[in-house]
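Peer 1: Here it is, the structure in full.
The values are calculated or read from the model by the stated rules, or taken from the named source; none is laboratory data. Remember, predicted model here, so these are calculated numbers, not experimental data. Because the Cβ atoms are built from the backbone with ideal geometry, glycine has one as well, and the counts that use them run over all protein chains shown.
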Amino acid sequence: MSRKGRRSGAKRSYTPWIILALVVVTGVVGYYIFTTSGAASGSPLDGQPVAQNVLNELAGVSLTTLNQVGSGSSGVTSPTAATSNAVTTTPPLTLNGKPEVLYIGAEYCPYCAAERWAMIVALDKFGSFTGIEYMQSAPAPEVYPNIATFTLKNATYSSQYISFVSFEQVDRNHLALQTPDANSTALMNKYDSAGSIPFVDLGNQYTLTGSQYTPPTLANANWTQIAAQLNTPSSTYALYIDAAANRLISIICKIDGGAPPSICSQALAQTASYIRLSTSSGSQLLASDAVLSGPAPSAVAARFAPTRLTDWV
C-alpha cells in the first residue's frame, strides 16, 4: 500500500496569498517613505501664511485666562535682568523712540519653536503682527523634532508702545537665512556669550537666553490643536505658553512705563517678580524667583537652552 497521500484533483492556487503579501509589503514601504520623507520635508503648511483662525486664537487669549493662569506650571522660568540696576547702568534699547524687544533665533531650533508661541501671545497684547508663517523645528536627528511653531522671517509688528526686531538666522534645513545687524550681534555677544538661542533682549533691561519651557510640551500636536487650547486656563498648553507670555508681558510693562494700563494694571503683569542674586563673579543680578524655585544652582543653569547656533553655521 502506498504511503503517499492522495493528490487532489485540482491544483492549489497561491495567487490570493501572493497578492495579499504584496499589498502588505507595499503598505509598509509606503508608510515608511511617507513618514520619513514627510518629516524631513516638513508639513505642506511650512512657510505658508498662518490661517486667520489660528491668528485669532493667538491674539484672543483673554485677560481673564491670563490672570487665571498666572505663573502657570512650575516648569516655566523667566528672563533675567541685564544688570543689578538695569535702568540706570545699562543704556536702554530703543527704536523709533520706543523700547525695543529684540529676538534672535532660527527656524530649525526647537527651543525657539517653543518660545515663539509665548512671545507672539505676549506681543499681541501691545500691538499686532502681519506676515507670520507656519513652521516646524527641524526633523530628526534634531532633538525634539518637528515642533509646530511659526517663523518671523517675513513678519512685521506694529505697536504704539514698543518696537520689535527679529532675526531668523538659519532655516529649517540649517541654511543661512537672516543676518542680524552689528548692534544686535553685539548685544547677543554681550549677554549670551555661549551663543544660545533663542536670545531675547527686552529693552536692554532684561534678557532671555533659551526658552522658558521645554519643547516636548508641544510634541505631537499641530498648530490648531495648540492654539485652540490657549484660552482654556487648565490646559497644558495654557499653563506653559500663557504663563511664559505673562512673564514677558510683565517685563514689557516694566520697560515701557506700564502702558497700556488696561494690560499692565492686571495681576498677570505682576507674574515676573525679581530678587537679587550673586553670580560666580560676585556681582549682583536680578533674577526671577520662578527661576530660583527650581533645582538649578543659578539663573543661567535654569535656562532651557542647549541649542547653540554656532553648532550649525
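Peer 1: Which pairs do you get when a residue that is among the polar types (S, T, N, Q), found in the stretch 184-200, comes within reach of a residue that is modelled with pLDDT of 95 or more, reach meaning Cβ atoms under 6 angstrom, with the pair 6+ apart or on two chains?
Peer 2: Ser184/Leu102
Results for (1) over 22 Å from Gly47 (Cα atoms); (2) touching a residue at least 24 places away in the same chain (Cβ under 8 Å); (3) buried (at least 21 other Cβ atoms within 10 Å of the Cβ), shown as yes or no for each residue.
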| position | (1), (2), (3) |
| --- | --- |
| Leu95 | yes, yes, no |
| Ile104 | no, yes, yes |
| Glu133 | no, yes, no |
| Tyr144 | no, yes, no |
| Ala182 | yes, no, no |
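Peer 1: Can you name the number of the only condition in (1) touching a Leu at 6+ places or on another chain (Cβ under 6 Å); (2) over 24 Å from Gly47 (Cα atoms); (3) surrounded by 18 or more Cβ atoms within 10 Å (Cβ to Cβ) that Gln205 fails?
Peer 2: Failing condition for Gln205: (1).
Peer 1: Could you list, in sequence order, the residues of the stretch 250-260 that are in contact with a helix residue (DSSP H, G or I) (Cβ under 8 Å, 6 or more places away or on another chain) and either at pLDDT below 95 or in a helix (DSSP H, G or I) (or both)?
Peer 2: Selection gives Ser250, Ile252, Cys253.
Peer 1: Of the residues that sit in the stretch 208-224 and are polar (S, T, N, Q) and in contact (Cβ under 8 Å) with a residue 12 or more places away in the chain, which one is surrounded by the fewest Cβ atoms within 10 Å (Cβ to Cβ)?
Peer 2: Applying the first criterion (polar (S, T, N, Q)) to the stretch 208-224 yields 209, 211-212, 214, 217, 220, 222, 224.
So of that shortlist, the ones also in contact (Cβ under 8 Å) with a residue 12 or more places away in the chain come out as 209, 211-212, 214, 217, 222, 224.
Numbers: Thr209: 24, Ser211: 32, Gln212: 31, Thr214: 17, Thr217: 22, Asn222: 15, Thr224: 13.
That would be Thr224.
Peer 1: Could I ask something else about it? For residues in the stretch 57-86 being more than 26 Å from Asp171 (Cα to Cα) and part of a helix (DSSP H, G or I), which is modelled with the lowest pLDDT?
Peer 2: Ala86
Peer 1: If only one of Ala122, Ala113, Ala140, Ala118 is farther than 24 Å from Val69 by Cβ and not in a strand (DSSP E or B), which one is it? Walk me through how you get there before you give the answer.
Peer 2: Values: Ala122 fails: farther than 24 Å from Val69 by Cβ; Ala113 fails: farther than 24 Å from Val69 by Cβ; Ala118 fails: farther than 24 Å from Val69 by Cβ.
Of the residues listed, the single one that is farther than 24 Å from Val69 by Cβ and not in a strand (DSSP E or B) is Ala140.
Yes/no matrix, rows are residues, columns are (1) assigned to a helix (DSSP H, G or I); (2) among the polar types (S, T, N, Q); (3) at positive phi:
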site	(1), (2), (3)
Gln225	yes, yes, no
Pro233	no, no, no
Asp242	yes, no, no
Leu248	yes, no, no
Ser262	yes, yes, no
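Peer 1: While we're on this one: So, Val101, is that one touching a Phe, Trp or Tyr at 6+ places or on another chain (Cβ under 6 Å) and in a loop (DSSP other than H, G, I, E, B) or not?
Peer 2: Numbers: touching a Phe, Trp or Tyr at 6+ places or on another chain (Cβ under 6 Å): yes; in a loop (DSSP other than H, G, I, E, B): no.
No.
Peer 1: Which of the residues that make up the stretch 144-179 are under 14 Å from the mean Cα position of the chain (by Cα), of a type in the set (Val, Ile, Thr) and part of a loop (DSSP other than H, G, I, E, B)?
Peer 2: Once the filter is applied, which keeps residues that are under 14 Å from the mean Cα position of the chain (by Cα), of a type in the set (Val, Ile, Thr) and part of a loop (DSSP other than H, G, I, E, B), the stretch 144-179 yields only Ile147.
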